[in-house]
Amino acid sequence: MTNEQPFIDVRHAQKSYGTLEVLKDISLQVSKGQIVAIIGPSGSGKSTLLRAINDLDPLTGGEIWLEDKQVNKDLPHRQYEKHINKVRQEIGMVFQHFNLFPHLTVRENITLAPKMLKGISDKDADKLAEEQLAKVGMSERIDYYPSQLSGGQKQRVAIARALAMKPKVMLFDEATSALDPELVEEVNLVMKALAEEHMTMIIVTHEMGFAESVCDRVLFMDEGVVVEEGPPEIIFKNPKNERTQNFLRKHLNG
Amino acid sequence: MGLDFTVLPGYFDALLLGSLWTIAIMLVSAVISFFGGILLAVIALYAPAIVRYPFRAFSFVFMGTPLLLQLFLIYFGLIQIGIDLPAFVAGVIGLGLHYAVYNSDIIQAGILAVDKGQHEGARTLGLSRGQTIRKIIVPQAVRTVIPPIGNNLIALLKDSALVSVIGVAELTLTSQLAISKTFRPFEFYIAAAACYYVINLGLEYGLRKIEKRVAVAR
Amino acid sequence: MDFDLILRVYPYFLEAALVTIQLAVLSIILGLACGALGAYARLSRWASLRFAGATYVSVIRGTPALIQLFILYFGGPQIGIQLDAFEAGVIGLGVNIGAYMTETIRGAIIAVDKGQIEASRTLGMGGWQTMRYVILPQAARLMIRPLGVNINAQIKGTALVAAISVVELTYTAQRYIGSTYKPFEMFFLAGIIYMVIIYITGLGINWLDRRAQIK
């Protein structure tokens, strides 16, 4: 790791539901352009951590920083709303179940937020949509509705929608888990292309092969703590911790 | 006194005009009931308690009492407080409010049924709560509840006959006027029923078209 | 709000409420009978019965109840049907709600899983036996709630007969609005009585529904 100030800085993140502690004092620094994978069994807290980064699941303790801005600020409701809506525009998020807006066309899905929040003109918004769709190979379907697309196509549009906000970082929450196996690759290709452009990314995933080939760093989480972290060639080939070894044995062969 | 349907053709124009008024009443009340329903639903779900509870009481009373009684209240009540509305306006407000309350119930269920992920999807893009409700949640909710709202519209069309009682010259009152001249109630009410039936068929046809059009966008 | 006035006139409203209740009870009983017959016709093997059932539902649901009431009460004498206003009210309202109940009952019967029919037929039960012992008991449970909705609508629907001068709640309220010029008080009084009737009916339906779900 370099000495420069981290791009994303998670400091002592802690979250509990009642007495159940799902994140136990987690710290994580991601520098600009870095690609981090978070792996681990379900219930390990990896999705919760990712969703805390844009305050969808607010932490009960600790701080999240994006560059020089604190994300999870304790503010009066109105000010918090203003603040978080600004911050979220800089953090792109891609969900397992796409969460495309079914009542809007592909074009409208992409242009809605830029038009509303950045006030860009219809013409510029259209150009933006075309650019982003070209990037994910979905230009042909610009005037389709989500219900007319396959799962893989939906996810590519969802990625384009997030990218259209020109985010500083992209969060992927099991972006391919809900897809039929034959549709996974098209989404992976889009993510790989993003990696080559040095987009800062945090990826929660079940796909060890993908994590190994794309990511700079891998975190293995279990029961709310980071058990082990390091470069993929160490974590996947030579894990030190027994829990990591057990998990990988199940998932690499499975 | 037997039946004699030959009196009807002489009143063709009157019945047609009455039908047009009925359609006009239906359309205006439909607009009120639709947008009123959305407004009431959003208030019922998102407004602070101090606003929410009076509106809930209002809904409760409107759902628990007959439309005819409500029409009397609005028509005579407004006169009493010095607002002398034309019967048409009072009728349309009464029908519109009555069905707004019923639509609100349906739309609330629709809003609650919108996937939580939609909320998250919009919020992660940076949309505020209000923007999310307005642009994402309500439009989707309305699309999913178009069939039951359509059923309410069909019921509204038939209930529009009630505004004849406060003196709106729509199809039912037009028939009554013709009857007072010809003393042929059976013939004219059958004719009125036929007109309603045809309007109803047209309405059902229109609703099916709308349902098909939004089917892909949901 | 003029409470003295309310206290003075409420006995007349209660009397009128009795008429409303009678109208509701009798027309609902007639409606259930029409609904059962209608559903039987609509699910019949005979095309002509199915057609008759469908026509009944379509015509009644396609036209206003008020017009149906007027045809019966004002037009009836022309074709030899002489009814007083109350009788016309019960029959008109009953036949009207019967069409809606037809669809409710039919819907509940159709909603019973097809596998139930197949299972009882493979046991050797006949069509009628299957209906009587397997389908109907299950459908009965499914129809309590939607029939409750029909009944709730019908209680409010009885107000229509005010238009043919049956002295029930709404007619009474209207008359007192005319003579006292106090629409809010009269609405308040009649409204409360309607809501109480509907509330109590709702309790009864919930009770039935709960009992049916246990079995």
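The values are calculated or read from the model by the stated rules, or taken from the named source; none is laboratory data. Since the structure is predicted, the reported quantities are computational estimates derived from the model, not experimental observations. Positions of Cβ are backbone-derived with ideal geometry, glycine not excepted, and every protein chain shown enters the neighbour counts. The area values use the complete protein model at the heavy-atom level, side chains included, leaving out ligands, DNA and RNA. Shrake-Rupley method; radii C 1.70, N 1.55, O 1.52, S 1.80 Å.
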When you look at B:Leu68, is it at the interface with another protein chain (Cβ under 7 Å from one of its Cβ atoms), aliphatic (A, V, I, L, M) and under 16 Å from the mean Cα position of the chain (by Cα), yes or no?
yes
Matching residues, the range A:41-52, being open to solvent by less than 10 Å² (accessible area, probe 1.4 Å) and farther than 16 Å from A:Asp25 by Cβ:
A:Leu50
Search the range B:102-125 for residues that are facing another protein chain (nearest Cβ under 7 Å) and pair each with any residue that is in a helix (DSSP H, G or I) when their beta-carbon atoms are under 6 Å apart and the residues are at least 6 apart or on different chains.
B:Gln118/B:Ile136; B:Thr124/A:Arg88; B:Leu125/A:Ala113
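Output the residues belonging to the range A:166-177 that are aliphatic (A, V, I, L, M) and under 15 Å from A:Phe95 (Cβ atoms). Lay out the reasoning, then the answer.
From the range A:166-177, those aliphatic (A, V, I, L, M) are A:169-171, A:175; that's our starting set.
If the condition is that a residue be aliphatic (A, V, I, L, M) and under 15 Å from A:Phe95 (Cβ atoms), then A:Met170, A:Leu171, A:Ala175 are the ones that fit.
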Filter result for A:Gly33 (within 24 Å of B:Gly126 (Cβ to Cβ), touching a residue at least 60 places away in the same chain (Cβ under 8 Å) and over 12 Å from the mean Cα position of the chain (by Cα))
yes
Counting just the residues of the range B:129-173 that are open to solvent by 30 Å² or more (accessible area, probe 1.4 Å) and not in a helix (DSSP H, G or I), which one comes out nearest to the other protein chains (Cβ to nearest Cβ)?
B:Gly167
Which residues, taken from the range A:119-156, are more than 22 Å from A:Ala195 (Cβ to Cβ), without any contact (Cβ under 8 Å) to a residue 24 or more places away in the chain and assigned to a helix (DSSP H, G or I)?
A:Asp122, A:Lys123, A:Asp124, A:Ala125, A:Asp126, A:Lys127, A:Glu130, A:Glu140, A:Gln148
Filter result (within 8 Å of another protein chain (Cβ to nearest Cβ) and open to solvent by 40 Å² or more (accessible area, probe 1.4 Å)) within the range B:195-218
B:Tyr197, B:Leu201, B:Val216, B:Arg218
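Just one of B:Phe62, B:Phe34, B:Phe55 is surrounded by fewer than 19 Cβ atoms within 10 Å (Cβ to Cβ), in a helix (DSSP H, G or I) and either out of contact with any Gly (no Cβ under 7 Å at 6 or more places or on another chain) or at pLDDT 95 or above (or both); which is it?
Working: B:Phe62 fails: surrounded by fewer than 19 Cβ atoms within 10 Å (Cβ to Cβ); B:Phe34 fails: surrounded by fewer than 19 Cβ atoms within 10 Å (Cβ to Cβ).
Among B:Phe62, B:Phe34, B:Phe55, only B:Phe55 is surrounded by fewer than 19 Cβ atoms within 10 Å (Cβ to Cβ), in a helix (DSSP H, G or I) and either out of contact with any Gly (no Cβ under 7 Å at 6 or more places or on another chain) or at pLDDT 95 or above (or both).
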Any idea which of (1) within 12 Å of chain C (Cβ to nearest Cβ); (2) touching a residue at least 12 places away in the same chain (Cβ under 8 Å) is the one B:Leu40 doesn't satisfy?
(1)
Are any residues in the range A:14-40 within 23 Å of A:Gln96 (Cβ to Cβ) and open to solvent by 40 Å² or more (accessible area, probe 1.4 Å), and if so, which ones?
A:Tyr17, A:Leu20
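Only one of B:Leu27, B:Leu45 is within 14 Å of the chain's Cα centre (by Cα), away from chain C (no Cβ under 14 Å), more than 24 Å from C:Gly191 (Cα to Cα) and in a helix (DSSP H, G or I). Can you tell me which? Please lay out each step first, then the result.
Numbers: B:Leu45 fails: within 14 Å of the chain's Cα centre (by Cα).
That would be B:Leu27, the only listed residue that is within 14 Å of the chain's Cα centre (by Cα), away from chain C (no Cβ under 14 Å), more than 24 Å from C:Gly191 (Cα to Cα) and in a helix (DSSP H, G or I).
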For A:Asp55, work out the one condition from (1) in contact (Cβ under 8 Å) with a residue 24 or more places away in the chain; (2) of a type in the set (D, E, K, R); (3) open to solvent by 30 Å² or more (accessible area, probe 1.4 Å); (4) over 27 Å from A:Ser213 (Cα atoms) it doesn't fulfil.
(3)
Please verify whether the range B:162-170 includes one or more residues that are hydroxyl-bearing (Ser, Thr, Tyr) and over 18 Å from the mean Cα position of the chain (by Cα).
no
Within the range A:211-234, residues being part of a helix (DSSP H, G or I) and either without any contact (Cβ under 8 Å) to a residue 60 or more places away in the chain or charged (D, E, K, R) (or both) number 4
Residues being out of contact with any Phe, Trp or Tyr (no Cβ under 7 Å at 6 or more places or on another chain), in a helix (DSSP H, G or I), within 11 Å of chain C (Cβ to nearest Cβ) and buried (at least 21 other Cβ atoms within 10 Å of the Cβ): count how many of those fall in the range B:174-190.
2
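Restrict the check to the range B:74-87 and report whether at least one residue is away from chain C (no Cβ under 14 Å), surrounded by fewer than 19 Cβ atoms within 10 Å (Cβ to Cβ) and outside any loop (DSSP other than H, G, I, E, B).
To start, the set of residues in the range B:74-87 that are away from chain C (no Cβ under 14 Å) comprises B:86-87.
Narrowing the set further to residues that are surrounded by fewer than 19 Cβ atoms within 10 Å (Cβ to Cβ) leaves B:86-87.
Pick out the ones that are also outside any loop (DSSP other than H, G, I, E, B) and you get B:87.
Yes, the range B:74-87 has at least one match.
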Could you please give the count of residues in the range A:148-203 that are in contact with an Asp or Glu (Cβ under 7 Å, 6 or more places away or on another chain) and open to solvent by less than 40 Å² (accessible area, probe 1.4 Å)?
5
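So which helices (runs of 4 or more DSSP H) stay within the range C:120-215 end to end and still have 3 or more residues that are away from chain B (no Cβ under 13 Å)? I'd like the intermediate steps shown before the answer.
On the way: elements: C:136-157, C:169-180, C:183-214.
Helices (runs of 4 or more DSSP H) meeting the threshold: C:136-157, C:183-214.
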Residues that are β-branched (Val, Ile, Thr) and within 11 Å of chain B (Cβ to nearest Cβ): does the range C:89-102 have at least one?
no
Of the residues in the range B:1-18, those that are away from chain C (no Cβ under 13 Å) and part of a helix (DSSP H, G or I) number 9
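Select the helices (runs of 4 or more DSSP H) contained entirely in the range C:38-114, then report the ones holding at least 1 residues which are surrounded by fewer than 20 Cβ atoms within 10 Å (Cβ to Cβ) and in contact (Cβ under 8 Å) with a residue 24 or more places away in the chain. I'd like the intermediate steps shown before the answer.
Values: elements: C:47-62, C:65-70, C:85-111.
Answer list for the range C:38-114: C:47-62, C:85-111.
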List pairs: first in the range C:194-215 and free of Cβ contacts under 8 Å to residues at least 24 places away in the same chain and hydrophobic (A, V, I, L, M, F, W, C), second in a helix (DSSP H, G or I) and surrounded by 12 or more Cβ atoms within 10 Å (Cβ to Cβ), Cβ under 8 Å, 6+ apart or cross-chain?
C:Met195/B:Phe60; C:Met195/B:Val61; C:Met195/B:Gly64
